Amino acid sequence: MSLHGDYDPQNIFALILRGDAPCYKIYEDADVLAFLDIFPQSRGHVLVIPKACQARNILDVEPAVLGAMMSAVQRLTRVVVDELKPDGVQIAQFNGAPAGQTVYHIHVHIVPRWEGEEAGIHGRGKADPEELKLLQARLVERIRAGD
Ligand code: AMP
């Protein structure tokens with residue numbers, strides 16, 4: 001039933017949104033919060049989540065919320081590409097456990113990819129906190145510079 005069901009207000013992204021759990025925030029506005037994935041599939045793996053919504057997945061989300069989220073995804077993808085210079089970038093969104101979803105608050109993955117670098121395995125391997133802090137600082141600075 002992971003594709004259908006009620007929104008769990010205790011999911012980790014809801015906790016992050018309420019300030020009850022930490023995150024490596026890189027961007028926030030009225031609509032979205034973006035932060036680094038702590039089990040990244042590659043260096044600079046960013047997650048973008050809508051703020052004022054209780055949507056578990058693409059089936060639940062209001063179109064306006066989806067639109068705001070995707071606008072932010074595009075903007076932040078440009079930032080990631082400008083700053084980290086990957087050879088490619090993957091944009092992913094999973095719905096239901098068999099599709100790979102593990103956190104049931106809708107979100108989009110921005111995953112930079114480099115030639116010759118094997119893709120990390122989804123959800124495995126915690127990143128070094130120091131590396132995450134450095135990446136966070138670089139991306140925050142790049143966003144500021146673009147404002
Ligand atoms: P999905 O599997 O599409 O539901 O994506 C959930 C993502 O959230 C995974 O890539 C996890 O590595 C990531 N994740 C889980 N907990 C945290 C956390 N506390 N901070 C940042 N990312 C997280």
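Things worth noting here:
- Pairs are defined by a Cβ separation below 6 Å, a sequence spacing of at least 6 or placement on different chains, a first member in region 50-71 that is over 15 Å from GLU28 (Cβ atoms) and small (Gly, Ala, Ser), and a second member that is surrounded by 16 or more Cβ atoms within 10 Å (Cβ to Cβ) and modelled with pLDDT of 95 or more; the pairs so defined are ALA55/VAL61; ALA55/ILE106.
- Hits in region 1-19 (condition: in a loop (DSSP other than H, G, I, E, B) and within 11 Å of the ligand (Cβ to nearest atom)): SER2, ASN11
- There is no residue in region 73-87 that is touching a Lys or Arg at 6+ places or on another chain (Cβ under 8 Å), assigned to a helix (DSSP H, G or I) and within 15 Å of the ligand (Cβ to nearest atom).
- In region 57-74, the residues that are of a type outside the set (D, E, K, R) and surrounded by fewer than 17 Cβ atoms within 10 Å (Cβ to Cβ): ILE58, LEU59, PRO63, ALA64, GLY67, MET70, SER71, GLN74
- Inside region 20-52, residues that are part of a loop (DSSP other than H, G, I, E, B), under 15 Å from LEU139 (Cα atoms) and away from the ligand (no atom under 12 Å from the Cβ) make up a count of 2.
- Matching residues in region 45-54 - criterion: being under 10 Å from the mean Cα position of the chain (by Cα) and either of a type in the set (A, V, I, L, M, F, W, C) or on the phi > 0 side of the Ramachandran plot (or both): VAL46, LEU47, VAL48, ILE49
- Among the candidates GLN101, GLN90, residue that is part of a strand (DSSP E or B) and among the polar types (S, T, N, Q): GLN90
- Looking at GLY116, GLY146, just one residue is more than 10 Å from the ligand (Cβ to nearest atom), free of Cβ contacts under 8 Å to residues at least 60 places away in the same chain and either of a type outside the set (A, V, I, L, M) or surrounded by 13 or more Cβ atoms within 10 Å (Cβ to Cβ) (or both), and that residue is GLY116.
- Tally of residues being in contact with a strand residue (DSSP E or B) (Cβ under 8 Å, 6 or more places away or on another chain) and either farther than 16 Å from ILE49 by Cβ or more than 10 Å from the ligand (Cβ to nearest atom) (or both) across region 88-99: 4
- The residues in region 82-97 that are closer than 12 Å to ARG43 by Cα and crowded, with 16+ Cβ neighbours inside 10 Å can be counted, and the count is 4.
The values are calculated or read from the model by the stated rules, or taken from the named source; none is laboratory data. Note that the structure is a prediction, hence the values are computed from the model and not measured. Cβ sites come from the backbone with ideal geometry, for glycine too, and all protein chains shown count toward neighbours.
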